[in-house]
Each structure stands twice: as C-alpha cells, then as structure tokens.
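FYI, it's all coordinate maths here, none of it is from the lab. Everything numeric here is computed off the predicted structure, so don't read it as measured data. Counting neighbours? That spans all protein chains shown, and the Cβs are built from the backbone with ideal geometry, glycine included.
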Amino acid sequence: MKINLASKITLSRILLSIVLIVLMLINIVNPLSTIILGSIFALAALTDKLDGYIARSRNEVTDFGKVTDAIADKILVTPILFIMAVSGLLFDSMVISLIIPLLIFFRDEIVNNVKTIASSKGPVVAASNLGKMKTAFMMTGMAILMFGLPSYLGEIGNIINIIGQILVVLATVLSVVSGIQYWMNNKKYIF
C-alpha cells in the first residue's frame with residue numbers, strides 16, 4: 001500500500017508525540033526548556049490541521065488516514081495530558097488535573113470500541129465537527145500551558161495560562177459531549 005503525503009504527515013505526528021513524551025518524562029527529573037517542549041507540541045499539533053487540509057485538497061482522504069489521524073491525536077493528547085497533570089502544568093490541584101486526562105481517556109476508549117464495532121458493519125466514521133472543535137481547543141490549550149509562560153511573562157503569562165486552562169476544560173466538556181453524540185449516532189451498530 002502506498003502512503004500518501006497526508007498520511008506521512010500524520011505518521012510524523014506520532015513520531016513527534018513519542019519524542020515529546022520521552023522529553024517530558026526526562027523533564028520531570030531533569031528540567032528542560034518549556035520553550036523546546038511547547039515548540040515540539042505546537043509543531044505536532046499543527047500537523048493535525050496540515051494533514052487534513054492536504055488530504056481534502058488533493059482528494060486523498062482514506063480510511064487509513066482517518067484511523068491513523070485519530071490514533072495520532074490520542075497519542076499526542078492523552079499521555080501528554082497525564083504527564084502535564086502529574087507535573088503540575090494543568091492546574092494547581094492534582095485532583096482536577098487528573099480528572100481531565102481520565103475523562104479524555106475513558107471517552108476515547110468508549111468511542112474507539114464503538115468505532116471498531118461500527119466500522120466492521122459500515123464505513124469508517126470520521127471525526128464530527130464537535131470532535132474537531134474539541135481537538136482544536138485541547139491542542140491550543142495544551143500548547144499554551146506547555147510553554148510555561150508565567151515564568152517568562154509574569155502576570156501576562158498567568159492570564160494567558162488561565163486562557164489555556166479554560167480551553168482545556170472546554171475541550172474536556174466537548175469531548176464528553178461529542179462522545180455521547182458519537183455513541184447515539186452509532187449505537188445501532190452495537191445492538
């Protein structure tokens with residue numbers, strides 16, 4: 001099977017995500033520059049828009065691309081959210097910080113299982129507009145928080161961080177809502 005350009009970009013997001021996860025784990029023990037971590041995350045997040053744009057503009061949307069894109073998003077978001085929660089980059093409260101990646105993880109597991117069953121009985125279903133909005137809010141919010149702006153910009157950085165936190169919370173709410181929407185639209189395949 002020949003892999004088109006959009007899918008190659010998606011695969012690069014997976015590779016960037018793995019590199020970022022390793023660097024973030026190192027960062028917990030031996031602090032690295034948040035500018036480096038934030039830049040790698042932002043680059044990986046931008047590939048999400050780029051691969052979709054290229055696939056649609058070249059009329060090269062494939063089932064492989066749809067599935068790989070969803071996997072790449074999950075590798076980029078979920079483990080990094082957990083690392084951010086443990087390292088204190090999400091919220092001051094560890095409880096609130098851990099609720100977000102747990103909700104995202106369980107929602108994604110339910111959607112993935114429904115998607116697996118639904119795809120065996122029909123075409124692979126691409127992400128909904130609500131799901132795409134959730135991804136945009138989540139990646140923007142995570143990028144803002146990952147850059148560690150308060151340490152560079154003081155009070156303005158704190159305000160920007162609050163915007164990042166709000167975006168992550170909105171993305172979590174949209175994630176749950178889009179998960180319920182996905183379930184409702186595909187439950188006919190389950191039963």
**Complete:** log10 I(q)/I(0) for the chain, Debye formula on C-alpha points only (no solvent), q = 0.14 Å⁻¹, two decimals, reads -0.80
**Item:** Loop trypsin sites (Lys or Arg not before Pro), the stretch 53-101 (other Cβ atoms within 10 Å of the site Cβ: 14 or fewer; DSSP)
**Value:** Arg58
**Estimated [θ] at 222 nm from DSSP helical runs (n ≥ 4, -39500 (n - 2.57)) normalised by residues in the chain, nearest 500** = -29500 deg cm²/dmol
**Message:** What is the angle, in °, between the Cα long axis of helix 155-190 and the longest principal axis of the Cα atoms in the chain? Nearest 10 is fine, range 0 to 90.
**Reply:** 20
**Request:** Calculate one ³J(HN,Hα) per residue across the stretch 35-41 by plugging θ = phi - 60° into the Karplus curve 6.51 cos²θ - 1.76 cosθ + 1.60, and present them in order as whole Hz with x for glycine and proline.
**Result:** 5, 5, 4, x, 5, 5, 4
**Prompt:** How far, in degrees from 0 to 90, does helix 94-121 lean away from the longest principal axis of the Cα atoms of the chain, to the nearest 10?
**Reply:** 10
**Prompt:** Which links in Lys49/Lys134; Lys66/Lys134; Lys66/Lys121; Lys49/Lys121; Lys49/Lys187; Lys115/Lys188 stretch past 23 Å when you go from one Cα to the other?
**Reply:** Lys49/Lys121; Lys49/Lys187
**Asked** Taking only Cα atoms, what is the 0 to 90° angle, nearest 10, from helix 129-146's long axis to the longest principal axis of the chain?
**Response** 20
